[in-house]
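Note sheet for the following structure.
Laboratory data are not the source of any read-out in this text; all were calculated from the coordinates shown. Bear in mind the structure is a predicted one, so any value in this text is a computation, not a measurement. Note: ideal-geometry Cβ built from the backbone for every residue, glycine included; neighbour counts use all protein chains shown.
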Amino acid sequence: MSNDTKTEEIKGGGGDTVINMCHVAKSFGDNTVLRDINLDLKKGENLVILGKSGTGKSVTIKCVVGLLTQDKGDVKVFGQDVSALSENKLKELRVRIGFLFQSGALYDSMTVRENLEFPLRRVLKLNDKKDIENRINEILNGVGLPDAIDKMPSELSGGMRKRIGLARTMILKPEIMLYDEPTTGLDPITSKEISELILSMKQNYHVSSIIITHDIACAKITADRILVMDKGAIVKEGTFDELEHSKDNFINSFFK
């Protein structure tokens, strides 16, 4: 896809808006998971969606990448209606979006080097060994794990697996990152390191991100703006400081 095409699509998304969800609803049978979701992600922004388990946070970002299709409303990424895209166009769009799953989703039978080579060869169709090596070294330095290059995933700690999972996603240089509970299962020190790494990804790679979390410490470090979800709806929006001083009892429950 050409740079000219990308520019047109971003303009079509409404200036600096790279993701727009308008009146989005999603149900599974009789279970309504999303109720009238409206949100915008601005270019270069870290947007945190804060909420307790089961509130619809993960379903929201799965609608963004077309893993799920909403029942009502519109989901637009770079001005494109995701649900109207052909399979090929959806694949093109997904190359521009990185998705960090809770598990890191590494291939256990591959070394770190091979895990990072895989998307370069499979998605970007790169074959130049020097180019591949340079990209791998750059991203491993970016996540602070240059010495892990020949390790197997089984030799990595939980925090290291998260870092390598992020490296494998970022090596494709996506314009948008979606983080699904990036600090779940990690100790407080490692959670802080991962949160700071998310912040550095924004600063170093100018990526726009949605961060799904129920971890208030992660939200404090990473967020430019926070949306609070409850029972499938966005109930509050603001900066960390604004929400921290809210008089709403539900909002206060996150800060105790």
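Yes or no: segment 204-218 includes at least one residue that is surrounded by fewer than 16 Cβ atoms within 10 Å (Cβ to Cβ) and not in a helix (DSSP H, G or I). Yes, segment 204-218 contains at least one residue that is surrounded by fewer than 16 Cβ atoms within 10 Å (Cβ to Cβ) and not in a helix (DSSP H, G or I). Annotation: of all residues in segment 19-42 being touching a residue at least 60 places away in the same chain (Cβ under 8 Å) and farther than 18 Å from Val82 by Cα, the one that is surrounded by the most Cβ atoms within 10 Å (Cβ to Cβ) is Val33.
Of everything in segment 107-121, what is outside any helix (DSSP H, G or I) and β-branched (Val, Ile, Thr)? Give them in sequence order. The one that is outside any helix (DSSP H, G or I) and β-branched (Val, Ile, Thr): Thr111.
Inspect segment 130-141 for any residue being part of a helix (DSSP H, G or I), within 20 Å of the chain's Cα centre (by Cα) and of a type in the set (Lys, Arg) and give the result as yes or no. Within segment 130-141, none of the residues are part of a helix (DSSP H, G or I), within 20 Å of the chain's Cα centre (by Cα) and of a type in the set (Lys, Arg). Taken over segment 43-80, the criterion of being under 16 Å from the mean Cα position of the chain (by Cα), free of Cβ contacts under 8 Å to residues at least 12 places away in the same chain and under 17 Å from Pro182 (Cα atoms) is satisfied by Lys62 alone.
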